[in-house]
Amino acid sequence: MMRLITLFIGMAVLVPLANAEPSSAVAFDLPTIKLLRSADPANGEALAEESKCSKCHGDAGVSDDPDDVNIAGMSASYLYKQLKDYQDEKREDRDMYKKVKDLDDKQLADLAAWFATQQPAKAAFSKSTPANIQKLITHGDPERLLKACAACHGRNGQGGQFDHPALAGQNRTYLVDSMVAFKDEDRTNDIYSRMRYVSEALTEEEIEALADYYAADLPEE
């Protein structure tokens, strides 16, 4: 009898999971990897100029607006995934959707390749980072089942493979807003809900301190 009850409970859990939509339609399979490897950055530059990407992201992917993301030097795979997610409305932003809705996969890959070749902003790497934040970055927190930030985003915040973005040199406001959006599930295009879980476990103070650590080294006024 207990086996039957367990089976029914398992089926009740699996049914909604089976009907749930994936957080992203992008799979880093062989065709996608070949597409990214064959991308043309020169065409991507032309597309960026035509689409007026500089209005939000600066002439070469470094934005003057702290609310916007610095995309210069991000991996082409990460940028391609985000562009596809905007196109598929897996990540919500009406302006970005309008920019990419009529582009094909090759054009999206070209755009990603162009910005990936640009010089990223430098990180300040705050020297006053508290010890508990340093531990989160390098070791994580086993009690909360949190991996180290560096495990996915690189030892120096340079980013990891496929869909792991660079954090170093990012606009501080954008970093905070992104983690809060994941925490509140206003952004849900993270595969396996990874960032939603991490951000939910972090306190507001930890989010602010992590943003301070990775933020761009802004020139003094």
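The values are calculated or read from the model by the stated rules, or taken from the named source; none is laboratory data. These figures come from a predicted structure and were not determined experimentally. When we count neighbours, we look across all protein chains shown, and the Cβ atoms used for this are built from the backbone with ideal geometry, even at glycine. Ligands, DNA and RNA are stripped out before the accessible areas are found, and what is left, the full protein with its side chains, is counted by its heavy atoms. Shrake-Rupley method; radii C 1.70, N 1.55, O 1.52, S 1.80 Å.
5 Å is the cut-off here: which amide hydrogens, built 1.01 Å from N in the peptide plane, fall below it relative to GLN170, excluding neighbours closer than 5 in sequence?
ALA216
Quick one: dipole size for the chain, taken about the Cα centre, charges +1 on Lys/Arg Cβ and -1 on Asp/Glu Cβ, in debye to the nearest 20. Could you put the intermediate results ahead of the total?
Details: 25 positive and 38 negative charges, 202 e Å.
Here the size comes out at about 980 debye.
As a check on your grasp of the helix formula, calculate [θ] at 222 nm for the chain: sum -39500 (n - 2.57) over DSSP H runs of n ≥ 4, divide by the residue count, round to the nearest 500.
Numbers: 12 runs with 115 residues, N = 221.
Helix contribution divided over all residues of the chain: -15000 deg cm²/dmol.
How high is the relative contact order of the chain? Use alpha-carbon pairs under 8 Å, at least six apart in sequence, and give a whole percent.
On the way: 331 pairs, mean separation 49.9, N = 221.
Answer for the chain is 23 percent.
Counting only protein heavy atoms, what percent of the accessible surface of the range 178-221 is carbon or sulfur at a 1.4 Å probe? Can you show the working numbers first?
Working: 1340 of 2680 Å².
Of the solvent-accessible surface of the range 178-221, carbon and sulfur hold 50 percent.
So for the range 178-217, Kirkwood radius off the Cα pairs, Stokes-Einstein at 37 °C and 0.692 mPa s: how many µm² s⁻¹?
Working: Rh = 10.4 Å.
This corresponds to a translational diffusion coefficient of 316 µm²/s.
With every protein chain present, what is the per residue accessible area of the range 13-160 (1.4 Å probe, Å²)? Walk me through the numbers on the way to the answer.
Working: 8820 Å² over 148 residues.
That works out to 60 Å² per residue.
Please find the FRET efficiency linking ASP217 to ILE33, where r is the Cβ-Cβ separation and R0 is fixed at 30 Å, and quote it to the nearest 0.05. Kindly include the intermediate steps, with their values, before the conclusion.
Working: r = 33 Å, r/R0 = 1.10.
Given R0 = 30 Å and the Cβ-Cβ separation, E is 0.35.
Which pairs in the list LYS99/LYS183; LYS81/LYS122; LYS84/LYS183; LYS52/LYS98; LYS52/LYS183; LYS101/LYS122 are over 20 Å apart, alpha-carbon to alpha-carbon? The partial results should precede the final answer.
Values: LYS99/LYS183 27 Å; LYS81/LYS122 23 Å; LYS84/LYS183 22 Å; LYS52/LYS98 12 Å; LYS52/LYS183 31 Å; LYS101/LYS122 32 Å.
Checking Cα-Cα distances, LYS99/LYS183; LYS81/LYS122; LYS84/LYS183; LYS52/LYS183; LYS101/LYS122 exceed 20 Å.
Need one number: convex hull volume per residue for the chain, Cα atoms only, in Å³. Each step should come with its number before you reach the end.
Working: hull volume 32.4 nm³, N = 221.
Hull volume normalised by residue count: 147 Å³.
Using the Kirkwood radius over Cα pairs, work out the Stokes-Einstein diffusion coefficient for the range 118-217 at 25 °C and 0.890 mPa s, in µm²/s as a whole number. Don't jump to the answer; show the numbers that get you there.
Details: Rh = 13.5 Å.
It diffuses with D of about 182 µm²/s by this estimate.
If you keep only loop residues by DSSP, which trypsin sites (Lys or Arg not before Pro) in the range 49-110 have at most 16 other Cβ atoms within 10 Å of their Cβ?
Working: sites: LYS52, LYS55, LYS81, LYS84, LYS90, ARG91, ARG94, LYS98, LYS99, LYS101, LYS106; in loops: LYS52, LYS90, ARG91, LYS101.
Those satisfying the criteria are LYS52, LYS101.
Once amide H atoms are built 1.01 Å from N in the peptide plane, which residues 5 or more positions from GLY73, or in another chain, come under 5 Å H to H?
Result for GLY73 returns ALA116, THR117, GLN118.
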